[in-house]
Amino acid sequence: MTAQSSLHNGRIIDGKALAATIIADIKQAVAALGMKPGLAVVLVGNDPASSVYVRNKSARAEECGFESVTISMSSDVSEAELLGAIDRLNRDDRIHGILVQLPLPSRINANRIVEAIDPDKDVDGFHVVNAGRLAVGDMSAAFIPCTPLGIIALLKEALGANLSGKHAVVVGRSNIVGKPVAALLLAENCSVSIVHSKTEQPQLICQQADIVVAAVGVARLLDRAWIKPGAVVIDVGINRVCNEAGETQLVGDVDFDAVKDIASSITPVPGGVGPMTIAMLLRNTLESARKSHPQ
Ligand code: NAD
């Protein structure tokens, strides 16, 4: 294949625009619901990135007409106090979605905290009950993690509703992105490969993919050698790097400039997966509110 024939002029998949459409639909649905969905976010400590994420979630929730509650706890909170706060939220009928902003301080057992959330209010979809529902394909009962849900919506934006038969390669196997997105792609009848830090020659596997989802956390790891011409590339990574002017810049796990003209479609960072994550969190919370007040 000549260099010329491998050019695909990657279409930019606009996550900001798609998220705005989803949020507009949620606002309308909330207005018609006759009640306020309630979202509670628990923030421990004062990590600047976590504080920004929590503020964004809360602002978006309020914009959609939700009741938004942020519970801020100091970094030396005990596990028992944190469990007590979750227990109160589990029993609060005004709250339909609970999330604990991760990461937690290392002395706190994050699994124990997440498992304390009522699975029917676990709008992040991190509880083992929801992970299990997803694993067995019980999609209607499961809360599915928000970033993977957003990734599937972006893929359907690029490829249409039918992903069946595509070879999808997921780079990364975390519980919050890699594994659940692989399960969702399988449920969409893709053939799924997972590549991770111990995979030998990951480029060779990735090169065969029609769909590449990069969720690694290594700036610009995936260059042209990883991508088949015409593939759809979803970049989940959020990495802070210093640019030539000495300023901090956000970049993904994909070398966007190197890949954009061989991919058929590609998400940018920022403006791709990030905005979809919040939109899906609000959608999960709306669904939870609907389930608790069937009409
Ligand atoms: P993680 O650190 O939990 O997992 C990273 C995965 O990458 C691991 O499974 C590891 O095996 C794999 N990996 C590491 N080095 C590799 C290599 N050289 N080759 C192949 N695989 C390798 O990370 P995570 O929580 O899944 O997040 C991944 C990235 O996505 C991060 O940059 C994170 O900030 C970002 N993220 C973005 C959003 C969003 O809303 N946009 C949400 C969650 C995570």
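Just so it is clear, none of the values below were taken in a lab; they were calculated from the coordinates. Source: prediction; values computed, not measured. Methodologically, a virtual Cβ is constructed for each residue, glycine included, from the backbone with ideal geometry; neighbour enumeration extends over all protein chains shown.
Please go through the stretch 219-240 and pick out each residue that is surrounded by 14 or more Cβ atoms within 10 Å (Cβ to Cβ) and over 17 Å from His167 (Cβ atoms). Across the stretch 219-240, the qualifying residues are Ala219, Arg220, Leu221, Arg224, Asp235, Val236, Gly237, Ile238, Asn239. The set of residues in the stretch 239-262 that are out of contact with any Pro (no Cβ under 9 Å at 6 or more places or on another chain), within 14 Å of the ligand (Cβ to nearest atom), free of Cβ contacts under 8 Å to residues at least 40 places away in the same chain and in a loop (DSSP other than H, G, I, E, B) contains only Asp255. With respect to (1) surrounded by fewer than 23 Cβ atoms within 10 Å (Cβ to Cβ); (2) within 14 Å of the ligand (Cβ to nearest atom), the lone exception for Ser265 is condition (2).
Residue-wise test of (1) charged (D, E, K, R); (2) in a loop (DSSP other than H, G, I, E, B); (3) within 16 Å of the ligand (Cβ to nearest atom); (4) surrounded by 23 or more Cβ atoms within 10 Å (Cβ to Cβ).
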| position | (1), (2), (3), (4) |
| --- | --- |
| Val129 | no, no, no, no |
| Arg133 | yes, no, no, no |
| Ser140 | no, yes, no, no |
| Leu149 | no, no, yes, no |
| Val181 | no, no, yes, yes |
| Ser193 | no, no, yes, no |
| Thr199 | no, yes, yes, no |
| Val213 | no, no, yes, yes |
| Val216 | no, yes, yes, yes |
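Number of residues in the stretch 224-238 that are in a loop (DSSP other than H, G, I, E, B), away from the ligand (no atom under 12 Å from the Cβ) and farther than 17 Å from Ala182 by Cβ: the value is 4. Among the residues of the stretch 72-97, the ones that are surrounded by fewer than 19 Cβ atoms within 10 Å (Cβ to Cβ) and either within 22 Å of the chain's Cα centre (by Cα) or in a loop (DSSP other than H, G, I, E, B) (or both) come to 9 in all.
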